[in-house]
1. Can you order the peptides 23-34, 189-200 by their average number of other Cβ atoms within 10 Å per residue, highest first?
2. Find the Rg to Rh ratio for the range 10-155, where Rh is the Kirkwood radius over alpha-carbon pairs and Rg uses the same atoms.
3. Taking the simple approach of a point 7 Å from Cα along Cα-to-Cβ for both residue 79 and residue 111, what is their distance in nm?
4. State the extension gain, in nm to one decimal, for the chain segment bounded by residue 15 and residue 140, taking 0.36 nm per residue of separation less the distance between their alpha-carbons.
5. Keeping all protein chains in position, work out how much accessible area residue 134 exposes to a 1.4 Å probe, and write it in Å² to the nearest 10.
6. When the Karplus curve 6.51 cos²θ - 1.76 cosθ + 1.60 is applied with θ = phi - 60°, which whole-Hz ³J(HN,Hα) does each residue of the range 188-200 get, with x for Gly and Pro?
7. Sorting check: for 106-118, 62-74, which peptide has the highest mean count of neighbouring beta carbons within 10 Å, and how do the rest follow?
8. Express in Å², to the nearest 10, the accessible area of residue 130 obtained by rolling a 1.4 Å probe over the protein heavy atoms while all chains stay in place.
Amino acid sequence: MPWLLAVLSSGCVTVYQPLVSLQRPVVVDPRVANFEGQRMLVRCIPGDYLQPDDAEQLCRNVRSLFANQGAEVEVEVPRAGRSTRDDQGGKKPDLIIDLKARLVHEENSALLWALSGLTLTLVPAITESTFSQEITIRDSSGFLLASDTLQGRFVRYCGVGLWAVNGTLDLLVRSDEEDLTGDAPKKDFSKDFHGQLSQLAFNARMRSWVMRGFEEPPRAQEAQPSP
């Protein structure tokens, strides 16, 4: 029955549910230059839930996020727990951001898939995955400036009838922000994740600045013309 499995998997509606920390309000606007002149190193650490290719994609996404806010961003995907970055003679980053994802819970009932197939998808198959995104931010010396753990859930309802109904509602009734089909859940998660990550990095930058006694980094002082 490969054709039936293909039909079931194609007609899916995904619902994104923010859980821990992702739903908090943020003050920082990721669309403005919050990190002008800052150097960042973003490390996306592969694991059982985050494969190396996915880690590279995550790092590219985060690099774009902070580059659009004025930062100079370098990314790294450590392999086998070892850094691939050559620090000799390189400029030290102001902020080192480590990202590590973990699967918290997963449900995928074979019985529901069988029942959905027997009823020609009138009964939808349901899969659920809860994940966490661990974030730590340090300065160039390794001092911990900020850390947080974000948790979210994706629930997929697979059934042609359910997908068709929601697709029609998205087209005729719901606004773009309320859509349940297409890439709307991905956009909703990205908005929450980018907001929380930007806020945490901004808080870390402010804490580092306070710890230096509100002094600018040495390179900024060196860049000033001598009298």
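The values are calculated or read from the model by the stated rules, or taken from the named source; none is laboratory data. Quick caveat: nothing in here was measured; it's all calculated off a predicted structure. Cβ atoms come from the backbone with ideal geometry, glycine included; neighbour counts cover every protein chain shown. Accessible surface is based on the protein model in full, side chains and every heavy atom, while ligands, DNA and RNA are left aside. Shrake-Rupley method; radii C 1.70, N 1.55, O 1.52, S 1.80 Å.
1. Details: 23-34: 13.0, 189-200: 19.5.
Ranked from most to least packed, the peptides come out as 189-200, 23-34.
2. Working: Rg = 19.2 Å, Rh = 17.7 Å.
Rg/Rh for the range 10-155 comes to 1.08.
3. Those two pseudo-labels are separated by 4.5 nm.
4. Working: separation 125, 0.36 × 125 = 45.00 nm, distance 3.90 nm.
Difference between extended and current length: 41.1 nm.
5. Approximately 60 Å² of residue 134 is accessible to the 1.4 Å probe.
6. Result, rounded to whole Hz: 5, 5, 4, 4, 5, 5, 5, x, 5, 5, 5, 5, 5.
7. Numbers: 106-118: 13.5, 62-74: 18.5.
Ranked by mean Cβ neighbours within 10 Å, highest first: 62-74, 106-118.
8. 10 Å²
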